[in-house]
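Structure record follows, encoded as structure tokens.
The values are calculated or read from the model by the stated rules, or taken from the named source; none is laboratory data. Note that the coordinates shown come from a computational prediction; the quantities given were computed from them, not determined experimentally. Don't worry about glycine lacking a Cβ; one is built from the backbone with ideal geometry, like all the others, and counts go over all protein chains shown.
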Ligand SMILES: Cc1cc2nc3c(=O)[nH]c(=O)nc-3n(C[C@H](O)[C@H](O)[C@H](O)COP(=O)(O)O)c2cc1C
């Protein structure tokens, strides 16, 4: 099977993060699209084909549950560092999106491979999600903000001690498209060893 490499190159290059403030908050992305995004996520590589990902999808009223949970956890956990603007953002952002997907890593109980390899596999899955929303003309972005790294958040997402919350993938209809972005010159990132 062959593919149109020019289209694939364009898809990869034109994939952009679209942030919640750029979504149309009144629009719902078709669940069939979200399912395909998740289906493509599961075709990511993973060492030993362990498939260490799990996705918790918040949509409709479910977004409110996430919003309340993350804002309240932030309030109780932030102590003297509490900022009202952060609290307000945590409460408001999920509702700007159509779907918010918690990106979870379920650690192999046998710990057959180093954790970094399972983290890498989930990251590959997220790139598939990014590319799929781009192909559909839908917005999305990966955030590791909010309660991502708080141990106390794990239970809400059905995660155990050894599991990890790796952030959230926000999906929404694009109201304001992201501008083009630059990358460092390729040659800055390569060292060739030819002989
Ligand atoms: C692991 C990871 C975590 C990220 N977390 C955040 C975040 O918390 N907040 C944010 O605004 N963007 C976040 N991003 C998105 C980046 O800001 C974005 O990928 C970067 O600016 C490059 O833009 P592009 O995705 O449009 O190419 C994250 C991206 C990755 C890969």
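Key figures
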{"item": "Contacts under 6 angstrom Cβ, first residue in region 30-43 being under 16 Å from residue 173 (Cα atoms), partner surrounded by fewer than 18 Cβ atoms within 10 Å (Cβ to Cβ) and at pLDDT 95 or above, 6 or more apart", "result": "33/136"}
{"item": "Condition check for residue 97: surrounded by fewer than 22 Cβ atoms within 10 Å (Cβ to Cβ) and over 20 Å from residue 44 (Cβ atoms)", "result": "no"}
{"item": "Verdict on residue 167 being in contact (Cβ under 8 Å) with a residue 24 or more places away in the chain and within 11 Å of the ligand (Cβ to nearest atom)", "result": "yes"}
{"item": "Those residues of region 45-72 which are outside any loop (DSSP other than H, G, I, E, B) and farther than 15 Å from residue 90 by Cα, in sequence order", "result": "47, 48, 49, 53, 54, 55, 56, 57, 59"}
{"item": "Single match in 165, 159 (criterion: crowded, with 17+ Cβ neighbours inside 10 Å, modelled with pLDDT of 95 or more and not in a strand (DSSP E or B))", "result": "159"}
{"item": "Condition met for residue 138 (surrounded by 17 or more Cβ atoms within 10 Å (Cβ to Cβ), within 13 Å of the chain's Cα centre (by Cα) and touching a residue at least 60 places away in the same chain (Cβ under 8 Å))", "result": "no"}
{"item": "Qualifying residue in region 116-135 (condition: over 12 Å from the mean Cα position of the chain (by Cα), over 24 Å from residue 39 (Cα atoms), without any contact (Cβ under 8 Å) to a residue 12 or more places away in the chain and away from the ligand (no atom under 13 Å from the Cβ))", "result": "no"}
{"item": "Qualifying positions in region 1-32 - part of a helix (DSSP H, G or I), away from the ligand (no atom under 16 Å from the Cβ) and touching a strand residue (DSSP E or B) at 6+ places or on another chain (Cβ under 8 Å)", "result": "31"}
{"item": "Among (1) out of contact with any helix residue (DSSP H, G or I) (no Cβ under 8 Å at 6 or more places or on another chain); (2) at pLDDT below 95 - the single one residue 137 does not satisfy", "result": "(2)"}
{"item": "Meets criteria (surrounded by fewer than 17 Cβ atoms within 10 Å (Cβ to Cβ) and either more than 11 Å from the ligand (Cβ to nearest atom) or closer than 22 Å to residue 93 by Cβ (or both)) for residue 143", "result": "yes"}
{"item": "Selected residue [more than 26 Å from residue 43 (Cβ to Cβ) and loosely packed, with under 15 Cβ neighbours inside 10 Å] from 175, 184, 153", "result": "184"}
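For every residue, the table says whether it meets (1) at pLDDT below 95; (2) more than 22 Å from residue 162 (Cα to Cα).
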position: 36; (1), (2): no, yes
position: 40; (1), (2): no, yes
position: 51; (1), (2): no, no
position: 60; (1), (2): no, yes
position: 74; (1), (2): no, no
position: 79; (1), (2): yes, yes
position: 82; (1), (2): no, yes
